Amino acid sequence: MWVCRQPLYSINYINLGSIHLPIPRRYALGIILLLACLPANAQYPGEPIQPLPLELELNADWVRLGEQLFHDPRLSSSGAMACANCHQLNQAGTDGMARSITNDGSPDLINTPSIFNVVFNFRQTWRGAFKTLEEQAEADLHNPRHANLSWPEILAIINSIPDYLAEFERLFADNLQAKYVLTVIAEYERSLITPNAPFDRYLRGETGAITELQREGYMLFKAYGCISCHQGINVGGNLFQRIGIFAEYKPLSGQLSKADLGLFNVSGREQDKLVFKVPSLRNVALTGPYLHSGEITSLDEVVSLMGRLQLGRAIPDKDIIRIVAFLESLTGEYRGVPLTAMDANQ
Amino acid sequence: MKTRDLISVLVISILLLGALAYFYDKATAVDPNNHATILRQIEELQTLDAKLTRDVLLVRSGLLRYYDPINATLISFRQGLDRLRDLSPGTNHECDRILEALDSYEVNLEDFKSSNAVLRNSLMYVTTLIKEMTLDNHVELESSSANLIAGLATEIMVLQRNPSLEAYQRLNDSLNRLQTLELADLRGHAIIDSIIKHGHTILDKTRSIDQTLSDMFFRSRLRDPILTLQTQYLKQHAVHEDHAQLFRAALFVSSVLLLLLVLMVVIRLIRTTQNLQATIAELRNQKFALDEHAIVSITDPKGDITYVNDKFCQSMGYEREELIGKNHRLLKSGRHTAEFYSQLWSTILAGQVWHAEMFNRTRQGQSILLDTTIVPFLDAKGQAREYVAIRTDITARYKAEVELSAYRDRLQDLVEERTAELSASNRELESFSYSVSHDLRAPLRSIDGFSQALIDEYQGLLDEKGRDYLDRISKAAQRMGTLIDGLLVLSRVTRGDLQRQRINLSAIAEEIITTLQTSEQDRTVEVSIQPDIYVVMDSRLARLVLENLLSNAWKFSSKNAHAKIEFARNEQGEFWVGDNGVGFDTNYVNKLFKPFQRLHHTSEFEGTGIGLATVQRIVARHGGTVRVECEPGVMTRFYVSIPEQSSHTLEASIRAD
């Protein structure tokens, strides 16, 4: 928890270009959610899903610098691993693999979630260990399977790149510090939103934005109860839930791996085993494979599995089709361009 | 004000100012804005807590179907708590308590969210299932079974609305009973299984949610630690306010003190100014007085004139402009030696005051004598920074002195001349008187002798008348001889030095009386002589005085049957000779002491008339006085006072004549 006594225009407070708010950044999500809740709700009150805001007010300089760092493979011990390696923007913010390849060439322990719309999640990562993007970025920088760098190393790398150094000095009028690095990376991640999905447009009043099938799918989504967990502005991402409520979740290997323990890894409570942060279903059509294990490759399959495990229902195919159609309407735009992914499960 | 006072005032005022600053800082430490902000923040936390409760209840009741508001409120709460912690460091401990409660609240909240999602779904689905079983007529059911299943819906609803122990029990029992139901229809069986599954889920989740909510709203609720914080903060604030009040009072007191100090300084300043002005006025007066009397000039250490007063200009005959800037040697008289000037300079250069009479030369070339005092005025280091010369023109006095001196010399010469003349004249007189007496005696002796011879040898040849004539001649000659003796005596009195010594007059008086008595044995005179009357006189002359006075007394009381003669001393120190004789006519008292003046006829009393003159002269020579008191026939007294010291002056002697 950072407790800061810095002037308002410092990194730790929300700095929207010319507007400086005395609100620590880590609460940006809360503000956004609140903003999302209030006026949006007025247009479509009672709907448990809200459209994404079209844009967020962020510090453009920080976003730019963060973008550079995010895509810079030099910020890793191997020198070849940028954040963007696994979070590819042209792959809907993920890499299309069940488990990404890590630093040493071995597969990662858990499926890589999409980097898009992370700002709207109430926790970061599957097990929900981090409350802020900065914390998560720092953990990943230190993660031996990912960037695998210590702070002195990170700072040394940045110091050795004059452009970065100059930009940091320009933006922060201070010597390079860890928190500045995290600030710019997080700011960039915040900028990765995908508004204007067809369903969002439908919610905003554009009745023709989605097809009949998709509308029926939304009804079924609600009727079956998928909406109970996959709700809110991010269609999920705002609560924890166990996987395997009405039927037991059986991992592929037959045994629970560490990753399968989920929230238990954070809380240590027995009842938190196999409890995960409910993932956001935005762009879900492009972000396969699915589940924390990445074991399900098609949407149909995962919908069926969810029905069985979570709802205790056997969802007939005709309903699955509709639900999947609805899910497909959740794909948004980044910088005005609809997201795409290769080998997308359409 | 002395430097020491100044420093102490400065120190005190700095201390007071420091104290003022300190007190001000402390007094304004309780920022009312901050206080208001803190109270607002606490209120905000309470509001957020209330909002959380509301949203949770809304979610529970199904009116709020997504969790974003709850999450946002929680974040706001944490943020508000952080702000509060920053604003009010004194309540850190209480903030920790709230944070603890919040963490526990959050855990419960997450559990609630998860459970609520599942519960919502199961409630929704089980309703569908029950409807399917009982209303859709697809399945064959006994009425009891149908009733049981239908009853489930009610029980589930009751459980949601009124979760009592009975409700749980009832539902549980119903589900168990349903478990025992045997249905041939597979589909129906599957539905029943599903109902049971979801029913149990509903049971579990409802219980779990109720437990969680109970925990959130009652046991680990946020309201209490927030209230505690509020109370604590208000208590602290009150204490701070009290302190601030104290410091405000202290601030006031120290301001007053400072003001008093300032006042004190100002008053002193005013007084000093007044003193200064009075002193200046007085100095001005003094300067004026000085300028009225004295000639004043000031020179710099080199001797160049920097100031002259009007009298200077007047005395020296210069205009002021002609003097300022010129060296003082301009006025050198030329009448003093080089040593004189070098002594002057060495004195004043040493910082000493020089005083002497010196001559200066006027513009006209005259020398004037000035009684001069030169005072070096020293600076802080003790060096002379200017010389102030104050002079008085004593030329006139000098001239007078010179004249006086001349006169005195002249007088001295004159006196010597006159004395010589007088001595010569005296000697002449002496020789004259000696020769007179001596030479006069011879013929006198002849006259007396031969007339006596005539009486002795030719008394037969002479008749009565002839003898009478011869007798007269003889007597006259004798008288003349006595007179001449008396004159001699008188003259001798004035000659010779006085040899004063302490003599016993009483003893001398005794001797004289004895002599007188011896010469007239048949007289009886009552004599009283006070013993031990001492006096400082010339012994010879003292005897003469007493002889004259006592013989007079003896003589002039001879006609008295009971003659009385006294010799004594009175309180004034006069010794006196008194008799109860015939006395004299007091109208003629001024003739008494004149030589040859007699107030009685020779036939009555014989005498030369020089006795008292002699007494007077002797007494005068001793610087004393003689006086007489007389009541004729009763008492006659002659008083003589002889001073102890010899204050014999020429003047006194002259007066004696």
The stretch B:320-345 versus the stretch A:277-343: alpha-carbon centroid distance in Å: 127 Å
Dipole in debye (nearest 20) - the stretch A:175-249, about Cα centre, beta carbon charges: Lys, Arg +1; Asp, Glu -1: 180 debye
Spin-label model distance (nm) - B:Ser528 vs B:Thr180, 7 Å beyond Cα toward Cβ: 18.0 nm
For residues of A:259-271, the mean tally of beta carbons on other chains within 10 Å: 1
Packing-based order for B:561-570, B:600-609, using average beta carbon neighbours within 10 Å, highest first: B:561-570, B:600-609
Residues of type aspartates and glutamates that B:Lys555 reaches as a straight line, Cα spacing below 13 Å, ignoring anything fewer than 8 places off in the same chain: B:Glu520, B:Glu547, B:Asp579, B:Glu604, B:Glu606
Intensity falloff of the stretch A:106-150 expressed as log10 I(q)/I(0), Debye formula with alpha-carbon point scatterers, at q = 0.14, 0.15, 0.32 Å⁻¹: -0.34, -0.39, -1.28
Efficiency of FRET from Cβ geometry, A:Lys250 and B:Met157, R₀ 30 Å, rounded to 0.05: 0.30
Estimated FRET transfer efficiency when R0 is 45 angstrom, pair B:Asp463-B:Lys559 (beta carbons, to 0.05): 0.85
Violating pairs (Cα-Cα greater than 20 angstrom) within the set B:Lys26/B:Lys235; B:Lys475/B:Lys559; A:Lys250/A:Lys273; A:Lys131/A:Lys277; B:Lys564/B:Lys591: B:Lys475/B:Lys559; B:Lys564/B:Lys591
FRET efficiency, 1/(1 + (r/R0)^6) with R0 22 Å, evaluated for B:Val634 and B:Phe605 via beta carbons: 0.80
Charged-residue dipole, Cβ positions (Lys, Arg, Asp, Glu), chain B about Cα centre, Debye nearest 20: 1080 debye
Average beta carbon contacts from partner chains per residue of A:225-237, 10 Å cutoff: 4
Cα-based equivalent ellipsoid, chain B: semi-axes from gyration tensor eigenvalues, Å: 161, 40, 15
Lys, Arg +1 and Asp, Glu -1 on Cβ, resulting dipole of the stretch B:523-657 about Cα centre, debye, nearest 20: 360 debye
Of all DSSP beta bridges in chain A, antiparallel share, percent nearest 5: 85 percent
Rg/Rh ratio calculated on Cα atoms of the stretch A:152-276 (Kirkwood radius): 1.15
Selected from A:Phe168, A:Asn283, A:Asn234, residue furthest toward positive end of dipole (chain A; charges at beta carbon): A:Asn234
Helix-only CD estimate at 222 nm, as mean residue ellipticity for chain B, using -39500 (n - 2.57) per DSSP H run (n ≥ 4): -22500 deg cm²/dmol
Taking B:Phe575, B:Phe596 and counting other C-beta atoms within 10 Å, the order from fewest to most: B:Phe596, B:Phe575
Globularity index of the stretch B:281-328, i.e. its alpha-carbon radius of gyration over 2.2 N^0.38 Å: 1.17
Residue-span extension gain [B:Gln478 to B:Leu6] - 0.36 nm each, minus C-alpha spacing: 159.1 nm
Percent of alpha-carbon pairs separated by more than 28 Å within chain A: 43 percent
Those residues of the stretch B:2-39 whose amide nitrogen sits under 20 Å from the label point placed on B:Gln274, 7 Å along Cα→Cβ: B:2
Ranking of A:Cys86, A:Cys229 by count of other Cβ atoms within 10 Å, fewest first: A:Cys86, A:Cys229
Distance histogram for the stretch A:196-346 (every C-alpha pair counted, 10 angstrom bins, percent rounded to whole numbers): 11, 39, 35, 14, 2
Cα-based convex hull volume of the stretch B:158-198 per residue, rounded to whole Å³: 57 Å³
Of B:Phe432, B:Ile42, A:Gln68, farthest towards positive along the dipole that unit charges on Lys, Arg, Asp, Glu beta carbons give the protein assembly as shown: B:Phe432
Dipole-positive endmost among B:Gln277, B:Gln179, B:Leu260 within the stretch B:165-322 (Cβ charges, Cα centre): B:Gln179
Longest to shortest principal axis, alpha-carbon extents of the stretch B:240-301, angstrom: 77, 26, 5
Contour minus Cα-Cα distance for B:Ser425 and B:Val589 (0.36 nm per residue): 55.9 nm
Cα long-axis angle, helix A:162-172 against chain A (0 to 90 degrees, to the nearest 10): 80 degrees
Where labels lie 7 Å past Cα in the beta-carbon direction, separation of B:Glu571 and B:Val239 in nm: 10.0 nm
Exposure proxy ranking, count of Cβ atoms within 10 Å, fewest first, for B:Ile280, B:Ile513, A:Ile233: B:Ile280, B:Ile513, A:Ile233
Distribution of pairwise C-alpha distances over the protein assembly as shown, 20 Å bins, in %: 9, 21, 13, 8, 8, 7, 7, 9, 10, 6, 2, 0, 0
Taking the C-alpha atoms of the stretch B:259-402, convex hull volume expressed per residue in Å³: 140 Å³
Pairwise centroid distance, computed over Cα atoms, of the stretch B:1-79 with the stretch A:147-172, Å: 38 Å
Largest-first ellipsoid semi-axes for the stretch B:469-522, taking √(5λ) over the Cα gyration tensor eigenvalues, angstrom: 31, 22, 4
Distance between the stretch B:211-254 and the stretch B:375-395 - C-alpha centres, whole angstrom: 80 Å
Volume per residue of the C-alpha convex hull in the stretch B:198-248, rounded to whole Å³: 39 Å³
Percent of alpha-carbon pairs separated by more than 20 Å within the stretch B:1-129: 63 percent
Crossing angle, helix A:317-328 versus chain A [Cα axis fit, 0-90 degrees, rounded to tens]: 20 degrees
Within 10 Å of each Cβ in A:118-125, the average number of Cβ atoms from other chains: 2
With eigenvalues of the C-alpha gyration tensor scaled by 5 and rooted, the stretch A:46-152, Å: 25, 17, 14
Folded to 0 to 90 degrees: helix B:338-349 orientation relative to chain B principal axis, Cα: 30 degrees
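Throughout, read-outs are computed from the coordinates displayed, never taken from laboratory work. Small disclaimer: the values here were computed from a predicted structure and weren't measured. In this analysis, Cβ positions are derived from the backbone assuming ideal geometry, glycine residues included, and neighbour counts consider all displayed protein chains.
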